[in-house]
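Asker: Here's a structure for you.
The values are calculated or read from the model by the stated rules, or taken from the named source; none is laboratory data. Note that the coordinates shown come from a computational prediction; the quantities given were computed from them, not determined experimentally. Cβ sites come from the backbone with ideal geometry, for glycine too, and all protein chains shown count toward neighbours. Remember, those area values only see protein heavy atoms, side chains included, never the ligands or the DNA or RNA. Shrake-Rupley method; radii C 1.70, N 1.55, O 1.52, S 1.80 Å.
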Amino acid sequence: MPYLTIAPSKGGRGVFTTKTIPANTVVEISPVLVLTNTERKTIEKTKLFDYIFEWGKSRKQGCIALGYVSLYNHEYESNCDYEMDFDSSIMTVRTVKRIKKGEELCVNYNASPNDKTQVWFHGKIKKG
């Protein structure tokens, strides 16, 4: 969407909006590059580790989302949700509440907007 922008955020960069976005709005549909289990293990040893997603029904594969998807920062009570389409190799980001102009768009890395399960970097600053 032309109203999404990358800007400085806590500890790095994040995705922000230049206009108010209503709840339940698709803000991005991104193709992904699917990684085999072996490729994922290799990528996890690099700086790309913080930017990949678990992929596939077994969650053993990984993927790198194109577009802005890998730059959305984590919040336990996020204002966006993402959906993975394994058959089409795409991820869709949708707002779960109204987001005001200038606000950062965040997803919950647990794949559910209000899941409070601690993520791997809990207690550290997540760089977007």
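Asker: Hey, for a label at V34 modelled as a point 7 Å past Cα toward Cβ, could you say which residues of the stretch 46-66 have their backbone N under 14 Å away?
Answerer: Flagged as within label range: 54-65.
Asker: Can you tell me the accessible area per residue over the chain, all protein chains present, probe 1.4 angstrom, in square angstrom?
Answerer: Working: 7430 Å² over 128 residues.
Dividing the accessible area of the chain by its residue count gives 58 Å².
Asker: If R0 is 25 Å, what FRET efficiency do you get for N24 and S89 from their C-beta distance, rounded to 0.05? Walk me through the intermediate numbers first.
Answerer: Working: r = 24 Å, r/R0 = 0.95.
Calculated value: 0.55.
Asker: Just round it to a whole percent: the fraction of Cα-Cα distances in the stretch 59-114 exceeding 19 Å.
Answerer: Cα-Cα pairs of the stretch 59-114 separated by over 19 Å account for 26 percent.
Asker: What spacing in nm lies between the two simple spin-label points modelled at K101 and K60, each 7 Å away from Cα in the Cβ direction?
Answerer: Result for the modelled spin labels: 5.0 nm.
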